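Data first, discussion second: the structure below is written as structure tokens.
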Amino acid sequence: MPKADLIAGVFLMLGGLLLLFVIIPAQTEQDTGAAVPPDLLPQICAVGITILAAVLTLNALRGKTPDIKPPKASEWRALVAVVVIILAAVALFEHVHPAAAGFFVTLATMLYMEERRWYLLLALPGSLVAIVYLLFYEFLGTAIL
Amino acid sequence: MMDELIAGFGAALTFYNVSFIFMGVAIGYLVGALPGLGKGTATAVAIPITFYIEPLAAIAFLIGISKGSTAGSAVSAILMNTPGEPSSAPTAMAGYPLARAGKAQKALKMGLYASVIGDFVSTCVLILSAQSLADYALGIGPIELVAILAFSLTFIAALSGKSLVKGLIAGLFGILCSTVGTEIETSTERFTFGSFDLYEGLPLIPVAIGMLALSEMMVQIGDRRRLEAETDLLRGSGKPEDAYVTWEDWKKSARAIIRGTGVGIFIGILPGLGASTGSFLSYGMARRAAKDPDSFERDGAIEGVAATESADNAVVPASFVPLFALGIPGSVIAAILIGAFVIQGVTPGPLMFLEQAELMQGIYASMLAASLILLGIGYFGQNVFARIIKLSPSLVLSSVVFLCCLGSYLQGGGMFGLYVMAVFAVIGFFARKYDFGFVTFLIGFVIGDGFELALRQSIGLLKGTPEAMLDHPVAIVFWVLTIVGVLAILRRKKVSTESAN
């Protein structure tokens, strides 16, 4: 039985039901007096997603979908690492300096990818920040902040 | 038509504009040559830069990137057996054995010539056909538009991934995401969760960068051992002996190039089929036409490289036909370009030919100029690019992550753009790993607003009388095509699954 499709199908089906009965009623207005209510398209999409997710689940239960390899442990780690690096960069941007955030994003990604040559660890992030400064502040003549 | 095009050349061939075309093609060629980085990533990351330059130069720059990266992906395919993009996989099959036999330069040059021919001819077809189609499209009303959009999205969902069901889920999710923000007709909020940032909806560029570029970087960083191994392989590759394309090579490859260009143009015009379908189809046809088809993978085949690259590059300009004529993005590049057009105050679609005639002719002229610049950059720069792709993946991928953050920050309203990018990168990661067609999601997201508007107008026009549909034969034809197309695709997939079992 293709487990990945089964899990995805059940997850999406529950998500579709949550959309239909909780999120759409709470996050859209129904009684606007308009000929076409604002929740029509979201409702159509949510119903479509729920039905298609049910079909996907049934197909997976009947073994009619090809088995998909789940992400490898290294890919899970990369997913978490990149998100953490971006969130840390956001914190640096707000509390230290935008240049520090840009430097950190590049440096941390290089370190995560096991780059250990110190001159590259300094040169690449420094060059990128310098190029962005020159491009936006000097060449294009506009500030990005 | 010719006079307008000549005027377009006048607007396009300024030093300022040509500089940006040159930069676009060069950056695109380099990025395309780097394994794992495709034209979608390159174009999405470059969009924020275009905010600050003139409209024609901006669009020409992005088109240069997409053309350059499509052609550049042959470099790593031939030298490293690692296609820069999936559509160059057949190039690797026929070209890598040639490189191992010391004919890397010959294969690279033939790949370049075939790319330029395919791209140039396809651009001419775009110029000749888009406006005629657009004139017809101006007569299309909302009822027809709903049917055409439903047809396009279903076609894209069915053909861009392995599963129609998953493709449709991704497309519907894309449309759902496009409904976030203030609803136009009633000015009421939808899915804003009390956040002011969401009042104007989700910004396209951070969504595109997250779904396309950053999610790809997550996968590549997670698979870095394989990337490093492939880069090491290149360091040990042999020296080229046979450096020129001979008359014999041209005779062998001429038919393959003509056939490949035709296939690429046909596939490009149909929404959703994509460059991979074109290149594999053309490669298969060249292989079948050969006396010894097995020699393609065993010894390499110059006509195999020519067939693949001509088709691959012909797809890109042809995929702009539905974008320019109907406003429907037929490929991921076309979907990203919509973002660039909107930034420049231009709405893609048939009205562009009336309201922005000068810009359109300038774009055409820039596209033709980009083809010629591609020839020059590819010819003189191949050796340089071949050296650059030997760089460690840690340097390349970390730079791309930096550019993703910069682009999302600039185009997504500051920090909000970074958060949107991160969320959609996670969604994109799972969409890639579980084959949910992120291309269909993105196209659904892009056409969502137009689809909703056309749907509202259609409901108003039909006034609850379904029989009024009979007055709209074009819409009926597209609805029938949608149903017949889905049934045919499901049947074909069922047959192929049974034969695989």
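The values are calculated or read from the model by the stated rules, or taken from the named source; none is laboratory data. On a predicted model such as this, the values are computed, not experimentally measured, just so you know. Methodologically, a virtual Cβ is constructed for each residue, glycine included, from the backbone with ideal geometry; neighbour enumeration extends over all protein chains shown.
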In region A:45-76, anything within 10 Å of chain B (Cβ to nearest Cβ), more than 14 Å from residue B:166 (Cα to Cα) and among the basic types (Lys, Arg) is listed as A:69, A:72
Only one of A:51, A:7 that is within 21 Å of residue B:440 (Cβ to Cβ), over 24 Å from the mean Cα position of the chain (by Cα) and not in a loop (DSSP other than H, G, I, E, B): A:51
Got a sec? Which of B:427, B:443, B:476 is modelled with pLDDT under 85 and in a helix (DSSP H, G or I)? B:443
Considering each residue of region B:160-190, count those that are assigned to a loop (DSSP other than H, G, I, E, B), in contact with an Asp or Glu (Cβ under 7 Å, 6 or more places away or on another chain) and more than 9 Å from chain A (Cβ to nearest Cβ), and give that number. 1
What is the number of the single condition among (1) surrounded by 23 or more Cβ atoms within 10 Å (Cβ to Cβ); (2) among the hydrophobic types (A, V, I, L, M, F, W, C); (3) touching a residue at least 40 places away in the same chain (Cβ under 8 Å) that residue B:77 does not meet? (3)
Residues that are within 16 Å of the chain's Cα centre (by Cα): find the helices (runs of 4 or more DSSP H) completely inside region B:320-381 holding 2 or more of those. B:320-326, B:332-343
Residue A:125, sole failed condition from (1) outside any helix (DSSP H, G or I); (2) facing chain B (nearest Cβ under 9 Å); (3) not hydrophobic (A, V, I, L, M, F, W, C): (1)
Pairs under 9 Å by beta carbon, first residue free of Cβ contacts under 8 Å to residues at least 24 places away in the same chain and closer than 21 Å to residue B:221 by Cβ in region B:425-454, partner small (Gly, Ala, Ser) and part of a helix (DSSP H, G or I), six or more apart or different chains? B:430/A:8; B:430/B:215
As an exercise: evaluate residue A:30 against (1) part of a helix (DSSP H, G or I); (2) more than 9 Å from chain B (Cβ to nearest Cβ); (3) among the polar types (S, T, N, Q) and give the number of the one condition it does not meet. (1)
Report yes if some residue within region B:222-240 is within 29 Å of the chain's Cα centre (by Cα), within 29 Å of residue B:406 (Cα to Cα), more than 9 Å from chain A (Cβ to nearest Cβ) and modelled with pLDDT of 90 or more; otherwise report no. no
Return the only residue of B:194, B:210, B:201 being modelled with pLDDT of 80 or more, closer than 25 Å to residue A:109 by Cβ and within 14 Å of chain A (Cβ to nearest Cβ). B:210
Determine whether residue B:24 is buried (at least 24 other Cβ atoms within 10 Å of the Cβ), under 20 Å from residue B:213 (Cβ atoms) and at pLDDT 90 or above. yes
Restricting region A:77-116 to residues that are at the interface with chain B (Cβ under 9 Å from one of its Cβ atoms) and either in contact (Cβ under 8 Å) with a residue 60 or more places away in the chain or outside any helix (DSSP H, G or I) (or both), the one surrounded by the most Cβ atoms within 10 Å (Cβ to Cβ) turns out to be A:113
Take residue A:29 and tell me if it is surrounded by fewer than 18 Cβ atoms within 10 Å (Cβ to Cβ), among the acidic types (Asp, Glu) and not assigned by TED's automatic domain parsing to the domain that holds residue A:7. no
Among the candidates B:40, B:10, which residue alone is under 15 Å from residue B:364 (Cβ atoms), assigned to a helix (DSSP H, G or I) and among the small types (Gly, Ala, Ser)? B:10
